[in-house]
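Peer 1: Quick one: the structure is below, and I'll ask about it shortly.
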Amino acid sequence: GEAGMYQMMLNEYKLSELDAGALSSLASIIALATGIMSAPLLDAFGVRTVAMLSLWFRIFKISLLAFTRVIWALYLVMLVPDIFPYGLAVYSIGLKNLTTSHTRPVAFAMSNVLLNLGIAVGLIVVEFTRKLSVTGPGGMLFSGLRINLLIEVTMMAVQLLLVFLYIRDARIVDAANPNNECLLETETQATDPAPCEPSALLEILESGTGDRYHLVRLTYHGLKFPATSEVCLRARRIALQCWQFMLGGSIWRVVVYELLMGPARNQWSQMSTLMITFLERYYGEGVQAYSIRSINPTINMFVPILIAPLFSHLETFAVLLPALWLFCAAPATLAMYPSIAGTVAWVVMTGLGESAWAPRSRAWQLTMAPTGQEAVFMTLAGLPARVISPAFAIYNGWLNQAFVPNCRRCRDDDGGFCSVLTAEG
């Protein structure tokens with residue numbers, strides 16, 4: 001994850017805090033460009049295919065970093081983009097396809113629980129393995145962080161198997177829709193909806209309230225490369241689609257929301273970069289920094305699924321605003337009381353606020369997107385926020401370098417603090 005990768009850049013590859021921040025910033029810019037170019041792939045090939053291709057490529061990259069110690073491997077992992085860099089968007093669109101407007105808040109809350117479960121378990125594993133040192137084949141020394149890379153590769157292989165066995169491209173359709181169009185909600189209007197043929201029907205579902213839905217198979221025909229004479233026409237259609245998005249009020253609401261949330265969301269990155277670095281350098285390797293970081297996702301494992309049914313009847317922003325106030329006010333605890341206790345209070349408050357606003361936020365944004373055009377819509381809507389996000393990586397690196405400087409003479413080759421004081425130290 002981000003926390004382990006950042007510490008690996010600082011302590012094993014000996015990058016300065018500012019250089020590590022700049023590298024992370026450049027990686028974000030490349031991921032942004034790739035996300036724009038790869039967004040049509042998701043709408044053209046579907047969730048299942050894109051997820052499998054992305055996982056295969058990610059496994060290759062992380063394996064290369066785990067088994068080599070050369071600096072170019074780090075640059076390759078950081079700067080060569082994934083096939084679809086925003087993995088969460090892939091599964092979010094799949095989740096939207098398989099839920100209705102009534103079940104979506106709870107479904108996204110459950111998704112948030114599983115996401116945070118993975119983050120929390122990963123951080124705990126890092127905590128218990130970061131001081132290990134294992135000699136592998138050929139005499140190569142695996143530090144604790146490299147052992148975690150091998151664990152990550154194993155988990156992605158399991159994820160790939162689950163996608164292959166269980167993920168299918170389908171969508172829930174309102175059976176009462178008179179036009180039998182592939183729409184999640186009758187009030188949603190797609191630009192060019194494709195009718196669902198009878199042969200596409202997989203299953204008839206019935207909710208507890210008696211509403212009936214059809215589970216239909218989605219067929220993707222891939223990217224069709226037009227003849228030269230059609231390129232301009234296709235480009236014009238794409239530009240018109242983007243222009244229609246811009247004229248609609250939905251995308252601008254999401255754009256403004258994403259921009260305003262930029263500084264608040266930076267807290268997640270700061271927990272993995274500033275907080276862990278601060279705790280380790282001020283209080284030593286004995287402090288359970290990664291365990292403290294895991295408090296945030298641990299809260300998000302349990303609280304969202306408990307409160308989602310209680311708040312599902314409320315309007316989206318009636319839930320978002322109080323939770324966002326709590327989330328944004330959280331750093332004040334650490335600013336007023338810079339200590340381990342202040343750090344724990346910061347992490348707890350962000351977790352409680354996030355547990356209410358994060359699931360509803362994702363569900364709301366995807367509901368605003370036209371059916372069948374989610375990937376392009378979400379990419380365009382999040383573009384302004386992602387353009388400014390790389391600046392936060394550099395800013396975080398500068399904060400570490402200026403206020404929590406590293407002691408390179410105090411560390412061994414694996415990045416841990418030396419157990420014996422040397423003549424240089």
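Peer 1: Sorted by mean Cβ packing within 10 Å, highest first, what order do the peptides 265-276, 377-388 take?
Peer 2: Values: 265-276: 21.1, 377-388: 18.8.
So the order, starting with the most tightly packed, is 265-276, 377-388.
Peer 1: Of L123, L79, L240, which has the most accessible area and how do the rest follow, probe 1.4 Å? Could the numbers behind the result be given before it?
Peer 2: Working: L123 20, L79 50, L240 90 Å².
Result of the area sort, largest leading: L240, L79, L123.
Peer 1: Going by amide H atoms built from the backbone, whose H comes under 5 Å of the H on A170, apart from near neighbours?
Peer 2: Placed amide hydrogens put L218 under 5 Å from A170.
Peer 1: Just to make sure I understand: if all protein chains stay in place, what is the order of L41, L165 by accessible area at 1.4 Å, largest first?
Peer 2: Details: L41 45, L165 100 Å².
So, going from the largest accessible area down, we get L165, L41.
Peer 1: Students often check this: by mean Cβ neighbours within 10 Å, which of 342-350, 283-291 ranks highest, and how do the rest follow? Show your work: numbers first, answer last.
Peer 2: Numbers: 342-350: 20.4, 283-291: 15.9.
The densest-packed peptide leads the list: 342-350, 283-291.
Peer 1: Each residue of region 143-154 in turn: what ³J(HN,Hα) in whole Hz from Karplus with 6.51, -1.76, 1.60 and θ = phi - 60°, glycine and Pro shown as x?
Peer 2: With coefficients 6.51, -1.76 and 1.60, one gets 6, x, 5, 6, 4, 5, 5, 5, 5, 4, 4, 4 Hz.
Peer 1: Search the structure for amide H atoms under 5 Å from the amide H of F142, placed 1.01 Å from N in the peptide plane, and list their residues when 5 or more places away or on another chain.
Peer 2: V134, T135, G136
Peer 1: Per residue of region 112-118, what does 6.51 cos²θ - 1.76 cosθ + 1.60 with θ = phi - 60° give for ³J(HN,Hα)? Whole Hz please, x for Gly and Pro, Karplus curve as stated.
Peer 2: With coefficients 6.51, -1.76 and 1.60, one gets 5, 4, 5, 4, 6, 4, x Hz.
Peer 1: In what sequence, largest accessible area first, do T371, T49 appear using a 1.4 Å probe? Each step should come with its number before you reach the end.
Peer 2: Values: T371 10, T49 55 Å².
Per-residue accessible area, sorted high to low, gives T49, T371.
Peer 1: Which ³J(HN,Hα) values in Hz, rounded to whole numbers, follow from the phi angles of region 62-71 under the Karplus curve 6.51 cos²θ - 1.76 cosθ + 1.60, where θ = phi - 60° and Gly and Pro get x?
Peer 2: Running phi through 6.51 cos²θ - 1.76 cosθ + 1.60 with θ = phi - 60° gives 5, 4, 4, 5, 5, 9, 10, 10, 7, 5 Hz.
The values are calculated or read from the model by the stated rules, or taken from the named source; none is laboratory data. This structure is a prediction, so every number in the text was calculated from the model and none was measured. FYI the Cβ positions are ideal-geometry reconstructions off the backbone, even for glycines, and counts take in every protein chain you see. We work out accessible area using only protein heavy atoms, side chains counted, and drop any ligands, DNA or RNA first. Shrake-Rupley method; radii C 1.70, N 1.55, O 1.52, S 1.80 Å.
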